[in-house]
Amino acid sequence: MDLTSTSAVVTGGASGLGAATSRLLAQHGVGVVVADLQDDKGEALAKEIGGVYVHTDVTNTEQIIQAVDTAVGMAPLRSLVCCAGIGSAQRTVGKDGEYSSAFNLDTYKFVLAVNLTGTFDCVRIAATAMSRNAADDDGQRGAIVLTASVAAEDGQIGQAAYSSSKGGIVGMTLPVARDLSAVGVRVNTILPGLIDTPIYGEGEASEAFKANLGKQVLFPKRLGRAEEYATLALEMLRNSYFNAESVRLDAGIRMQPR
């Protein structure tokens, strides 16, 4: 699929995986809407790449629509990359045997609201806009990349909410791809492993922590780079025969229970 002179929405686009993807898409002639909650970072990145920043909470349908409409106003919307997400860590049952110490249900619901429901909301809104595009020679009108995690398959202790949300994204990939085949939109999902993003912080202690994490990776023994995610996302968008797949990007790691 030719992305030149088209537009894209990248959720969570102001930092980490989303920022790397936004930059790479812009380098390939795409007008990028950086959709994020981090206004300062989002505006700075949009200025850097010649895109547009739209303050976007993926639990807010109206803000998603605004991001999509902004992209449509720039050029035909052919791409959506969903990188927005949050983490959570808490054991299902507490140590004291009290109901009150069990996994906080509001936290569980919120993680799913952002990571799973928010992703699906972005998909249904963006795909609706894509369905209005003229089709190319393959009948394509757009392509979507979702972000899950190896935790969808190798969830660790305390990751019940996070793994549920990411497993849900993997689970929706095939049926949504089947749904959207009717309008010429492809859907694929990336399951990143240990990727070096701002979540690990900065400084000497952070670097030591990341180096230790890297020892768990099969090969190469390091954390992944956001740019490595971005190149796979770009391939999924451009390659017209890439559809309905969930692909691990993890250098062979299999996460242990803890």
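Is the range 239-252 home to any residue that is assigned to a helix (DSSP H, G or I), basic (Lys, Arg) and farther than 24 Å from ALA129 by Cβ?
We begin by selecting, within the range 239-252, every residue assigned to a helix (DSSP H, G or I); these are none.
Among the residues of the range 239-252, not one is assigned to a helix (DSSP H, G or I), basic (Lys, Arg) and farther than 24 Å from ALA129 by Cβ, which makes the answer no.
Please specify each residue of the range 134-163 satisfying the condition of being within 16 Å of THR6 (Cβ to Cβ) and either under 18 Å from the mean Cα position of the chain (by Cα) or of a type in the set (D, E, K, R) (or both).
Of everything in the range 134-163, those that are within 16 Å of THR6 (Cβ to Cβ) and either under 18 Å from the mean Cα position of the chain (by Cα) or of a type in the set (D, E, K, R) (or both) turn out to be ASP136, ASP137, ASP138, ARG141, GLY142, ALA143, ILE144, VAL145.
For THR70, are the conditions met, namely being of a type in the set (Val, Ile, Thr) and within 23 Å of THR147 (Cβ to Cβ)?
yes
Mind listing whichever residues of the range 23-50 are closer than 16 Å to LEU77 by Cβ and in contact with a helix residue (DSSP H, G or I) (Cβ under 6 Å, 6 or more places away or on another chain)? Outline the logic, then answer.
Taking the range 23-50 first, the residues closer than 16 Å to LEU77 by Cβ are 25-26, 28-35.
Listed by number, the residues that qualify are ALA26, GLY31, VAL32, VAL33, VAL34, ALA35.
Could you please find all residues in the range 183-219 being closer than 19 Å to LEU146 by Cα and without any contact (Cβ under 8 Å) to a residue 40 or more places away in the chain?
ASP196
Every read-out reported here was derived from the displayed coordinates using simple, explicitly stated rules and does not represent laboratory data. Keep in mind it's a predicted model, so treat the numbers as computed, not measured. Counting neighbours? That spans all protein chains shown, and the Cβs are built from the backbone with ideal geometry, glycine included.
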